[in-house]
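Report on the structure given below.
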Amino acid sequence: MRQKLWEASPFSAEVKRAPSRLPFWSCARLIREPMNRGSGLRIGKILGIPIYLHSTWVFIFAAITWIIASQYKRDHPNWTDIQHYAVGVLTSLLFFASVLFHELSHSVVAQHYKIRVVSITLFLFGGLARIEREPSKAIQEFNIAIAGPLASGLLSAGFFGLAVLFPYSQSVGALAKWLCWTNLSLAVFNLLPGFPLDGGRIFRAMVWGTTGNFEKATRVAGASGKLIAYAMILGGVWQVVHGNTQMLWTILIGWFILNAAQESVAQVAIRQALAGLSAADVMSKEVPTVPGHITLEEYSAEVLRTGRRCHLVVNADRLIGMMNVHTLNSVPRNEWAHNSVQAAMIPREKILWTSPEEPLLRLLERILTADVNQMPVVSGAGDGAPQIVGIVTRDSILRVMQTRSELGPLAASR
């Protein structure tokens, strides 16, 4: 949970002549979420960060290329069709390179603060970067957030220089002018104080630095993000009703920002609900076990009888692994009668452990990152005599979160 978003959603911009009306975006989205690495096709690595292309990127790349090529046809009728589409493809590629540069600027500053960037993925709404942890200080968040708009502004200035050197009638001049306006609009849009846009991040960093309260800063910035999102949605609906169907993009952008803002505020509630709790507070001391020699058919009968979805596997009172419903279902049902639990279980050396003292929020993050539903609680692992004292499940953590949110912060603090 506790996701971290540096985000500039898709958006539409009104520019004159060369840029025309075009939906474009940067999702310099630095996100903390329960995903394993990147998703999609890996295309390389920059600064040690794996870069991925999501399947949705292909569709939007084709759409943007078609829009740009159509614009070039209107503005440059003397060009050949091959030239229209060749320059359109190159412009579209450079646009997404600009989006990637925007995200890398966030990532470089994050790495400066020893925050590891796990991956960057380009997808339908631009791109996202996965990080291991959040900035620990307001100044760190401010510097990471401001890096994106500054990078886009720098690119805009560079393309402006090219547009000055080459006339708009030439391929390089037309391409440079389009990318100059696009990157400038990208920088300006990102500075809107709507969380989780970069401007909203900057706003949150300022409130955080002033009040010293991260949770309060997130709520304030989240409220500003919702206001901007609602304004975009209502404005887009008004335009569509009056015949401007291109403003559908504005509605989608507003919806995207609204969901991200609500999600970020919800993450604050999660942090508050789990604050001060450790694994020992929610673990179940009753740890179910099964012998390793029973068949998977017999194990399934045990699961159905007790309703327990996870068991530690023992052999002569010695722990040898862990078995759960997910692992059971990974084996074809017609093989259950012929395979033992020991043959299908998760071996002991691959089991993830937690200690009774581990903060519950950090434990939840590890459970989500590893995509497991439970984790044994081990005492004395450091002195060479580990002892399993309990087990923590996702459900037990969610129950605590729900109860604390219902009772409110006063009851939670008692």
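The values are calculated or read from the model by the stated rules, or taken from the named source; none is laboratory data. Computed from a predicted model, the values in this text were never measured in an experiment. Ideal geometry is used to build each Cβ from the backbone, glycine not excepted, and the neighbour counts take in all protein chains shown. Please note that ligands, DNA and RNA were not included when accessible areas were found on the heavy atoms of the full protein model with its side chains. Shrake-Rupley method; radii C 1.70, N 1.55, O 1.52, S 1.80 Å.
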Anchor K226: aspartates and glutamates whose Cα lies under 17 Å away (excluding residues fewer than 8 positions away in-chain): E7, D198, E215, E263
Heavy-atom surface of the chain, accessible at 1.4 Å and reported per residue (Å²): 48
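Give me the percent of accessible area attributable to carbon and sulfur for the chain, probe 1.4 angstrom. Spell out each step's value before the answer.
Details: 12070 of 19840 Å².
Ligands and nucleic acids excluded, carbon and sulfur give 61 percent.
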Distance between modelled label sites at H338 and D81, nm, 7 Å Cα→Cβ extension: 6.0
In Å², nearest 10: area of S340 left accessible to a 1.4 Å probe: 40
HN-Hα J in Hz across segment 214-227 - Karplus 6.51, -1.76, 1.60, θ = phi - 60°, x for Gly and Pro: 5, 5, 5, 4, 5, 5, 5, 5, x, 5, 5, x, 5, 4
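Would you calculate a helix-derived [θ] at 222 nm for the chain, using -39,500 (n - 2.57) for each DSSP H run of n ≥ 4 and dividing by the full residue count, to the nearest 500? Walk me through the intermediate numbers first.
On the way: 14 runs with 224 residues, N = 414.
That comes out to -18000 deg cm²/dmol.
Within a Cβ distance under 14 Å of V400, other residues only, what is the Lys/Arg minus Asp/Glu net charge? Numbers along the way, then the final one.
Numbers: positive: R271, R394, R399, R404; negative: D281, D395, E406.
That works out to +1.
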Selection of trypsin sites (Lys or Arg not before Pro), segment 48-151, meeting DSSP coil and at most 11 other Cβ within 10 Å: K114
Distant-in-sequence amide H partners of I320 (H built 1.01 Å from N, under 5 Å): V313, V314, N315
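Using unit Cβ charges (K, R positive; D, E negative) and no other charged atoms, how large, in debye to the nearest 20, is the dipole of the chain about its Cα centre?
With only Lys, Arg, Asp and Glu charged at Cβ, the dipole is about 720 debye.
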Order of exposure, largest accessible area first, which applies to L296, L227, L398 with probe 1.4 Å: L227, L398, L296
